[in-house]
Amino acid sequence: MKTHRKELWFRAKTRRAYINITEQVQEAIDQSGIREGLCLVNAMHISASVYINDDERGLLEDYDRWLEKLAPHEPVAQYKHNNTGEDNADAHLKRQIMGREVVVAVTQGKLDFGPWEQIFYGEFDGRRDKRVLVKIIGA
Ligand code: ZN
């Protein structure tokens with residue numbers, strides 16, 4: 001069995017961002033040489049997510065509005081976590097609902113998706129360097 005580990009780095013210019021990372025994950029699979037196996041992709045921060053869905057502008061805006069209704073950033077004083085001096089309690093909650101990681105089958109060297117599936121990095125507390133881990137196992 002082979003294994004391959006790669007970190008993807010991001011620095012979103014905005015507090016929240018939804019970035020399609022499918023090509024970068026496929027590049028990691030290409031580099032691994034693994035043809036059959038599994039690919040784990042996870043956010044390495046508790047204020048960001050990795051999730052799978054459609055790459056459609058309207059949907060990305062819908063996610064953002066929905067998450068802001070569930071856990072609005074403002075007013076920051078509404079959250080006990082922000083009493084620590086941070087202002088990112090909403091980002092922790094957004095990450096929880098959008099998830100930490102995805103696992104995708106690798107078949108004949110490619111991400112084995114259903115129709116329209118794409119991998120996204122969801123950033124909820126951006127404007128600083130953050131990482132996504134890609135780990136591929138197989139043969
Ligand atoms: Zn925090």
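The values are calculated or read from the model by the stated rules, or taken from the named source; none is laboratory data. Computed from a prediction, not measured in an experiment: that's the story for all the values here. Neighbour counts are summed over all protein chains in view; Cβ atoms, including those assigned to glycine, are modelled from backbone coordinates with ideal geometry. For the accessible areas, the whole protein counts, side chains as well, though only heavy atoms, and no ligand, DNA or RNA atoms are used. Shrake-Rupley method; radii C 1.70, N 1.55, O 1.52, S 1.80 Å.
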On Cα atoms only, tilt of 57-70 relative to the major axis of the chain in degrees: 50 degrees
Nitroxide proxy distance, nm - points 7 Å out along Cα→Cβ at Gln31 and Thr84: 3.1 nm
Longest exposed-site-free window of the chain, the sites being chymotrypsin sites (Phe, Trp or Tyr not before Pro) in a DSSP loop that have at most 16 other C-beta atoms within 10 Å: 1-112
Sites excluded, GluC sites (Glu not before Pro) in DSSP loops with at most 14 other C-beta within 10 Å, longest stretch of the chain: 87-139
Where trypsin sites (Lys or Arg not before Pro) fall in DSSP loop in the range 1-93, at most 14 other Cβ within 10 Å: Arg11, Lys13, Arg35
Test item: Cα-centred dipole of the range 63-128, Lys/Arg +1 and Asp/Glu -1 on Cβ, debye: 60 debye
Net charge over other residues, Cβ less than 11 angstrom from the Cβ of Val134 (K, R count +1; D, E count -1): +1
Around Asp30: net Lys/Arg minus Asp/Glu count, Cβ-Cβ under 12 Å: +1
Within-10-Å neighbourhood charge of Trp116 [Cβ basis; K, R +1; D, E -1]: -4
Nonlocal Lys pairs with alpha-carbon distance under 20 Å, the chain (8 or more apart, or different chains): 12
Fraction of accessible area attributable to carbon and sulfur, the chain (%, probe 1.4 Å): 51 percent
Estimated translational D of the range 1-57 in µm²/s (Stokes, Kirkwood radius over Cα pairs; 25 °C; 0.890 mPa s): 185 µm²/s
Semi-axis lengths (Å, descending) of the ellipsoid that matches the C-alpha gyration tensor of the chain: 30, 16, 11
